[in-house]
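The structure under discussion appears below in the form of structure tokens.
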Amino acid sequence: MSELLTFILQHHLFSEARLPSLYSDFRYLKTTNPSAFHANVKAWKTVLADACKAGKVADGSDRLILCIGEDLMSMLYSSDWGRPLALGVVVAEAVDCKSLYPLKQFLSQRESIYHWSYAGVAFNWGLEKIGVKGMTTGGNREIAYGQFVVVKNIEDVALSIIRSISASTRSCLADRIFTPALFASEFAPTLSSTDLEVLLCHLWRDRRECTFDGKTIKLKSPNEQLLMPITEQDTTIADLKYLLRSVQIRIDSLGANIKKYTENAQIAVINQNRGNALAALKSRNVAESILAHQFKALGQIEDVLASIQTAANNMELIQILQKSSAVLSELNKDIGGTETVDRIILCLREETQTLDGVNQILYDGGPVIAEDVIEDELHRLMKVVKCESDFNESLESAPRIAEADRQLSNPLQRTTLEAENRENERQEVHA
């Protein structure tokens with residue numbers, strides 16, 4: 001049993017009860033039982049897409065491309081149910097509903113795969129009417145062999161990459177430019193070269209997330225609504241980044257070799273093998289010399305990239321300032337300059353004066369209140385307030401006066417008070 005067949009038999013859509021129907025020639029169900037027909041087609045499309053994505057088809061190198069041929073039929077062969085007799089119908093239906101796309105057509109097509117054309121729909125309907133297309137219940141069960149792009153798989157991978165790009169900060173120009181190899185190493189390390197070509201075509205033509213000319217990839221800036229074309233400067237930046245990555249890989253390799261030569265020299269010394277020890281040390285010295293040159297080259301490349309990035313940032317700043325200047329110029333043009341503003345202010349003052357004159361005419365004929373009348377009213381009000389205040393103070397002092405009278409009514413207290421008063425008077429006289 002092949003690895004693909006094992007994967008299919010473990011899939012939830014391929015239960016043991018459904019296997020006889022799925023492996024049978026169910027083309028006739030399209031007219032007799034359409035729901036069962038479409039359920040079987042959907043099950044095959046889903047399981048083939050999942051198997052391709054999991055790397056269970058052919059050698060497993062392609063995850064976005066399904067290769068349909070005799071090898072696939074052999075891998076699908078079951079000792080109980082034989083070969084799937086309606087696989088040709090499944091492929092035809094998948095191509096018709098654009099779940100599968102012929103590889104050559106996908107790469108050469110200029111319009112997006114999501115482009116809808118009324119003329120195309122009418123053309124397909126005409127082909128079905130004359131029997132050229134859509135006749136899946138006929139007698140021909142041959143399969144359209146070839147390579148097909150699995151649209152569901154490519155959409156899943158593209159969506160994952162778009163989310164990864166959105167989550168990272170890539171405002172700098174150099175951070176948004178890649179060669180295909182650099183793009184694959186950062187975003188899609190498991191894809192084959194053919195998968196990568198299909199993915200980049202999808203991101204550029206269908207998703208409009210990057211510009212791709214076959215050698216250079218330029219991601220869309222977060223501030224851009226439209227894709228910008230790739231320039232010679234972009235290609236140079238991509239080549240420098242690729243060179244930088246190559247030098248870094250070479251440095252890592254030389255570091256590992258130096259470590260290995262050192263270990264070999266130590267082992268040779270332990271074994272008292274002078275010749276091997278000298279050879280290992282010589283190789284290590286050569287590697288160290290090359291490593292020093294690589295570090296120097298790495299520094300130079302980084303300096304060049306930093307200078308280019310600085311110049312690119314300056315260019316973006318100048319462009320923004322230029323656009324801002326143009327916007328400000330248009331606004332000032334709409335305002336009309338200082339003369340227009342002066343004229344508007346003058347007109348506003350004149351209208352304000354006119355309004356004041358109208359108000360004076362309308363309201364000056366009313367009753368005139370003299371200022372001395374207002375002053376008399378204020379004095380009367382102040383007298384009333386003072387009287388009220390004196391009255392309140394008298395009310396507050398009444399209890400104290402009553403208490404003093406009560407004390408004076410007592411003869412003993414009165415005699416004491418009189419004596420105290422005489423003593424106080426005597427002291428004042430002597431003083």
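The values are calculated or read from the model by the stated rules, or taken from the named source; none is laboratory data. It should be emphasised that the depicted structure is a prediction, and the values quoted were computed from it without experimental measurement. Note that each Cβ is placed from the backbone with ideal geometry, even for glycine, and that neighbours are counted across all protein chains shown. Just the protein is used for accessible areas: all its heavy atoms, side chains included, with ligands, DNA and RNA removed. Shrake-Rupley method; radii C 1.70, N 1.55, O 1.52, S 1.80 Å.
For the pair Ser307 and Met1, what calculated FRET efficiency results from E = 1/(1 + (r/R0)^6), where r is the Cβ-Cβ distance and R0 = 56 Å, to the nearest 0.05? Walk me through the numbers before you get to the answer.
Working: r = 60 Å, r/R0 = 1.08.
Calculated value: 0.40.
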Inter-centroid distance (Cα atoms) of the stretch 270-339 relative to the stretch 181-235, Å: 21
In the stretch 18-122, the trypsin sites (Lys or Arg not before Pro) that fall in loop regions by DSSP, at most 16 other Cβ within 10 Å: Arg18, Lys98, Arg110
Accessible area in square angstrom per residue, the stretch 252-367, 1.4 angstrom probe: 79
Heavy-atom accessible surface of the stretch 247-344: percent carbon and sulfur, 1.4 Å: 58
Distance in nm between pseudo-label sites at His38 and Arg83 (7 Å out along the Cβ direction from Cα): 3.0
Residue-span extension gain [Thr169 to Thr352] - 0.36 nm each, minus C-alpha spacing: 60.3 nm
Segment Phe391-Asn359, extension gain: residue separation times 0.36 nm, minus the distance between their alpha carbons: 6.8 nm
For Ile65, distant residues with modelled amide H under 5 Å away: Val150
